[in-house]
Amino acid sequence: MTVEDRSGRHDTASQAPARVGPGARIVSLLRHPATYLVGPVILSFSVWAVPGTSEDLRGFAQRAHGDITAWTLIVVFYALATSLVSFGYSIGRLRNPEPESLALTREPRFGAAFAATLTLLSVIGIGAVLVIIGRDPSVLSQLQTGHGNDVRSSVIGEGTAGILSLKYTPGISAPVSIWRWLRREGSFRAVLLNGALAAVSALISGRIIVLMVVVATIFMLAHAPASRRIRRLWLVVAAAGAFAVLTVTNYSRNALWYGDRGVTNPLQMNFYQIAAYLGAPAQATVGVAQGISSRTLLVPTDPILGLERVLPTMLIPDSALPAPVYRIHVDVASNLTTNSAFADVFGSVGWWGLVFVLLILFFAGLVCGVFSRYQSVVASGGAVVVYAIAETWRIELFRQGIFWFLLLSVLCAWFVSSLWARSRSEGLAEPKRVRSRRSVTTLPTDQTR
């Protein structure tokens, strides 16, 4: 469509497509859940490809090799996974939320109540952990001497449902507080409080909390940009802070293990831990794909077992499923247990397990699309789902209790905030109706009648 000015000339400038800068392209990518699926996979294979092997420090002593069929299988699996996540996300964004619900979730009182509910759940969870630590002096000494994994498994009750499961909530309450502060809707004190809770949670639960905070914050900001100008210094400080927390948590959990292998510098420990953490899943994926290609890794498959393999652990615990058998075909350190959803699922229940993993990813994309339409604190639900998608390169997180507890925490905050916002709206509207009735009853009668 051309625009004609008063002189009769046609303005063709308006026809030129608007140029999209690199920043806008990056934001567009960060909005899409498929980015969080593909990015970690590429990072994992990039670290795995770095020369050097060590069972203790890199996670494998002999690098796996795959033929053309194996690599084709890997590419096809992740291409299907990416396509299904994208398709589900597109479907989820087709329908707009109800206008009344959308308006409610964007009210300041709703956002404040939502953030306060998540913070309260975080305080309860971390408070319960601190009570246990206070009652048992050996817990603190174990953390200080590098026995953090023992604390996680035995003292803190890792893997059991209950009030202690709320210790994961800072993984989503911290991103919500950061997002609200950057949007000028919340206070910096809330950021400090939830950041401290997240640091304690990471000290107990490991790097998963730090990564969750990073991924969730990025996803929420991509869907509803910050009102404050995000300075580069802030990003540098945030990255340095995340690395520092990872270093401290890794040292508290694995210092003795690395010390026995001649590594005493906490920074070196963290670098080796990151290298093994990122590279081992790619190693397992290539090894399993090669086992499938050469037909040396034959796993009986069954649709019922495949379905059970993706159901939540509170319904079907890991002990009720066949143990993965890929380790006899792939060189991966025995202390590494999260070696890609592809390897774990196929090595346990075969092809049907991978089929159901792909279906789960489709529904994850759909749910993420629904949450992202709100562009408010409710988008944190999509952030929880996106983080589970991002973990597919190393673990099938959708069946783990941490995912369901975090999602239930968001839904609980949504429910409580809706009740609070509606009650406040009705309370403020009631006096207006009273005044309106009074004004009607005191109108003078028509004296001319």
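The values are calculated or read from the model by the stated rules, or taken from the named source; none is laboratory data. Just so it is clear, the model here is predicted, and its values are computed rather than measured. A quick note on method: Cβ atoms are made from the backbone with ideal geometry, for glycine too, and the neighbour counts reach across all protein chains shown.
What the table shows:
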| item | result |
| --- | --- |
| Near pairs, Cβ below 9 angstrom, 6+ apart or cross-chain, from region 291-305 (small (Gly, Ala, Ser)) to any residue that is at pLDDT below 90 and surrounded by fewer than 16 Cβ atoms within 10 Å (Cβ to Cβ) | Gly291/Leu298 |
| One residue from Ser187, Ser177 being free of Cβ contacts under 8 Å to residues at least 12 places away in the same chain, more than 30 Å from Pro317 (Cβ to Cβ) and polar (S, T, N, Q) | Ser187 |
| Evaluation of Val215 against (1) modelled with pLDDT under 90; (2) crowded, with 18+ Cβ neighbours inside 10 Å (one fails), failing number | (1) |
| Criterion violated by Leu57 - all others in (1) modelled with pLDDT of 50 or more; (2) part of a helix (DSSP H, G or I); (3) farther than 24 Å from Val386 by Cα satisfied | (2) |
| Selection from region 324-343 of residues that are at pLDDT 90 or above and either of a type in the set (Val, Ile, Thr) or farther than 20 Å from Val385 by Cβ (or both) | Ala343 |
| Residues being of a type outside the set (Gly, Ala, Ser), surrounded by 24 or more Cβ atoms within 10 Å (Cβ to Cβ) and over 11 Å from the mean Cα position of the chain (by Cα) - total across region 406-415 | 1 |
| Some residue of region 356-374 being farther than 18 Å from Ala224 by Cα, out of contact with any strand residue (DSSP E or B) (no Cβ under 6 Å at 6 or more places or on another chain), assigned to a helix (DSSP H, G or I) and hydroxyl-bearing (Ser, Thr, Tyr) | no |
| Ala239 vs. criteria loosely packed, with under 13 Cβ neighbours inside 10 Å and either small (Gly, Ala, Ser) or within 22 Å of Gly206 (Cα to Cα) (or both) | yes |
